[in-house]
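Single-structure report; data block below.
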Amino acid sequence: ESKFMIYQVDTICAQATAVGSGGIAIIRISGPQALSDAEKVFFPYKKKNGLWKPRYMYLGEIRSGDQLIDQALGVYFRAPNSYTGEDVFELHCHGGIQAAKMTLDLLISLGVRPAEPGEFTKRAFLNGKMDISAAEAIADQIGALSERGAQMAARQIQGELARQIRQMQRQLTDILAEMEAGIEYPEEDLELEIAGEALPKLRVLQERMYVLQKSFTQGKLIREGIRVALAGRPNVGKSSLLNAIFGEDRAIVSNIPGTTRDVITEHYQLHSLPVQFMDTAGVRETGDEVERIGVERTHKAIDSASVVVLVLDGSEPLQEEDMQVYRYAKAQGIPLLIALNKTDLPAKATLQEVQGIFDAPCLEIAAVRSEGIEALLEEIYRKAVGDAGLQEGLVITNSRHAYALQKACNALQDGISALEEGIDLDCASIDLHDAWRYLGEITGETLDEQIIDRIFEKLC
Ligand code: GDP
């Protein structure tokens, strides 16, 4: 912590609530001068003994000299018991743009510096109020696309991830301490004995790290959502399927082949996960320039998808073009489902026939009648998330954390291999120290200042 104490602290201010109309707008002031600066603009009606009671709401007026700006509430948080860990004063004025803007301008004219994006949170981190994974989770919470994403962010804000990481670091430290005793008194038998004791513990720890790292597959779904590419040749009913899902005419439906030339994205929530649908053009090989671009986009959409739904028109015989999408998605190794559409019409391609040709789950639907849609959505969810469903435990949702865990796992593996091969304890201990350091990147403990700055810049 001490390495962060040398930075220059000034007093900063910013609107903490969204700009626009609403009941209240909160202006936050943080830094050593927060209280004295606030006292120049905010005048409470009543204050006992002339003292500010921390965390107590005072009703009063925001004034610029004789001019009344707004009636407001003011609250003082005394360091270190505040969001940033510094002295903080918050002014709750009436929402809307003007009162808040006038208050801010007034503070700035008095020499309070406008805060940079994310600066309050950065100060909170630098003052030890939260670890960096919690700070990152606040940004996740603000940008969460689904209930599940918000829940996971809330758990990380509370420090659940940091606690798990620190626990792993403690286990490593304990093992290292035993190993280092052996390094001090090098003696072949003793080294072997120590290695023999350390190995099983290290394997258990590595398994734990590995499980957490693997949870990123689900974490990515929670954060970014299930991306579904609707593929199939023109006129099979992809736009109609989208309309059936959303219950509105969002995609253009027409009976002229090739009208849906763009990738359309739509948002939806399935079992509290965000789902994004991409309507795509077909993949017909064609000389038409516009359609060729459509084909490229289709391939791109399939490449980025968590699940591909290949839509077939059951009222027509299967065609070579149907196979092209199937082969492409299979070749990319992306989970695939088949929706056999237009089952309200006489069948030219039956479910049995389709199941015989394609190696993928196949469901019958009638998009224009909204039939079979629920079952299709359930199958999409199952394909994306896996049969076991979403896990209840903490999952990694941030790629930076996943990468650090991966590095820690690899370093630990190097250490384990060294011990297994009978290489001296010294070498193995270097690997374990590396693993410890990589874990610390998640909480921010072992990150250097430049990287910390970059993380906070990216947060906003
Ligand atoms: P896209 O090109 O794959 O997006 O196909 P569209 O959704 O534009 O549909 C092409 C044509 O098929 C339209 O005339 C739709 O009304 C029709 N269509 C789509 N789904 C069904 C269905 O389930 N049953 C029937 N009978 N017609 C359908």
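The values are calculated or read from the model by the stated rules, or taken from the named source; none is laboratory data. The shown structure was predicted, so the numbers you read here are calculated from the model rather than taken from an experiment. Please note: Cβ atoms are built from the backbone with ideal geometry, for glycine as well, and neighbour counts cover all protein chains shown.
Return yes when Ile157 is surrounded by fewer than 22 Cβ atoms within 10 Å (Cβ to Cβ), out of contact with any Lys or Arg (no Cβ under 9 Å at 6 or more places or on another chain) and without any contact (Cβ under 8 Å) to a residue 24 or more places away in the chain and no when it is not. For Ile157, the condition - surrounded by fewer than 22 Cβ atoms within 10 Å (Cβ to Cβ), out of contact with any Lys or Arg (no Cβ under 9 Å at 6 or more places or on another chain) and without any contact (Cβ under 8 Å) to a residue 24 or more places away in the chain - is not met. Lys458: over 22 Å from Glu207 (Cα atoms), surrounded by fewer than 18 Cβ atoms within 10 Å (Cβ to Cβ) and of a type in the set (D, E, K, R), yes or no? So Lys458 fits the description; yes.
With respect to (1) in contact with a Cys (Cβ under 6 Å, 6 or more places away or on another chain); (2) buried (at least 21 other Cβ atoms within 10 Å of the Cβ), the lone exception for Leu91 is condition (1). Condition (residue is modelled with pLDDT under 95 and within 16 Å of the ligand (Cβ to nearest atom)) applied to segment 219-229: is it met by at least one residue? Yes, there is a match, as at least one residue in segment 219-229 is modelled with pLDDT under 95 and within 16 Å of the ligand (Cβ to nearest atom). On the basis of being within 30 Å of Leu425 (Cα to Cα), part of a helix (DSSP H, G or I), under 28 Å from the mean Cα position of the chain (by Cα) and without any contact (Cβ under 8 Å) to a residue 12 or more places away in the chain, does Arg208 make the cut? Answer is no for this residue. Taking the conditions (1) at pLDDT below 90; (2) surrounded by 19 or more Cβ atoms within 10 Å (Cβ to Cβ); (3) within 15 Å of the ligand (Cβ to nearest atom); (4) not aliphatic (A, V, I, L, M) in turn, Pro274 satisfies each one other than (3). Reported count of residues in segment 338-367, each being within 16 Å of the ligand (Cβ to nearest atom) and touching a strand residue (DSSP E or B) at 6+ places or on another chain (Cβ under 8 Å), is 16.
The residues of segment 309-334 that are among the aliphatic types (A, V, I, L, M), farther than 12 Å from Phe358 by Cα and either over 32 Å from the mean Cα position of the chain (by Cα) or surrounded by fewer than 22 Cβ atoms within 10 Å (Cβ to Cβ) (or both), listed by number, are Ala331, Ile334.
Taking the criterion of being touching a residue at least 60 places away in the same chain (Cβ under 8 Å) and among the β-branched types (Val, Ile, Thr), would at least one residue in segment 336-358 satisfy it? The answer is no; no qualifying residue exists. Tallying residues that are of a type in the set (S, T, N, Q) and either more than 16 Å from the ligand (Cβ to nearest atom) or surrounded by fewer than 23 Cβ atoms within 10 Å (Cβ to Cβ) (or both) within segment 291-304 yields 1. Across segment 141-157, not a single residue is classified as touching a Ser or Thr at 6+ places or on another chain (Cβ under 8 Å) and within 19 Å of Ala18 (Cα to Cα). Report whether or not Ala331 is away from the ligand (no atom under 16 Å from the Cβ) and without any contact (Cβ under 8 Å) to a residue 60 or more places away in the chain. Considered against the rule, which asks whether it is away from the ligand (no atom under 16 Å from the Cβ) and without any contact (Cβ under 8 Å) to a residue 60 or more places away in the chain, Ala331 comes out as yes.
In the condition set (1) farther than 23 Å from Phe277 by Cα; (2) within 16 Å of the ligand (Cβ to nearest atom); (3) without any contact (Cβ under 8 Å) to a residue 24 or more places away in the chain, Ala375 is compliant with all but (1). Checking each residue in segment 20-48 for being in a loop (DSSP other than H, G, I, E, B), surrounded by 11 or more Cβ atoms within 10 Å (Cβ to Cβ) and not basic (Lys, Arg) picks out Gly22, Gly31, Pro32, Gln33.
Which one is modelled with the lowest pLDDT, of the residues in segment 305-328 that are within 16 Å of the ligand (Cβ to nearest atom) and among the polar types (S, T, N, Q)? Filtering segment 305-328 for residues that are within 16 Å of the ligand (Cβ to nearest atom) and among the polar types (S, T, N, Q), the one modelled with the lowest pLDDT comes out as Gln324.
Working only within segment 382-402, note down all residues that are crowded, with 17+ Cβ neighbours inside 10 Å and of a type in the set (Ser, Thr, Tyr). Hit for segment 382-402 is Thr397, nothing else.
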